[in-house]
Amino acid sequence: MWLLFAILSSIFAALTSILAKVGIDGVNSHLATAIRTVVVLFMAWGMVFLTNAQTGLSAISRKSWIFLILSGLATGASWLCYYRALQMGEASKVVPVDKLSVVITLVLAFLFLHEKFTAKSVMGCILIGIGTLLMVL
């Protein structure tokens, strides 16, 4: 089931990039990011209340709160940079560079989460890096 959601995520991410590139025309990138964030906020809390997940708020540990807040800050910084790059550059070049996050995530998962870094994942990182360079140059 995770694969289905991952595929859907990639489809929605692709739509996000194209829709954002069209929508950001003539709009300050920070303002555009704020508008997008408000929409995401309403969607996320809507799902929380729709699934009655709000009852789990009190069970969240201090550690989880800290890391979720840090993750939110990283997301905000990523979105601000992404929208600025998208406003300044071509979507077909900005998006592949943004997706280098896959390589960075694999390296960080190896270093900090002690996940396996196999020959297959090393080769995948190299190919993603090469593919990104080919698309951007």
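Here, each number is a calculation from the coordinates, and none is a lab measurement. These numbers were taken from a predicted model, which means no experiment stands behind them. Don't worry about glycine lacking a Cβ; one is built from the backbone with ideal geometry, like all the others, and counts go over all protein chains shown.
The table below gives the values:
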| item | result |
| --- | --- |
| Rounded FRET efficiency, nearest 0.05, which uses the C-beta distance separating E115 from R62 and R0 of 22 Å | 0.35 |
| Set of lysines near K120 by C-alpha distance (under 24 Å), chain-local residues within fewer than 8 positions excluded | K99 |
| Footprinting exposure proxy for D98, D25 (fewest neighbouring C-beta atoms within 10 Å first) | D25, D98 |
| Principal axis dimensions, the chain - Cα atoms, whole angstrom, descending | 49, 45, 27 |
| Kyte-Doolittle at least 1.6, axis length at least 20 Å by Cα - qualifying DSSP helices, the chain | 2-23, 29-50, 119-136 |
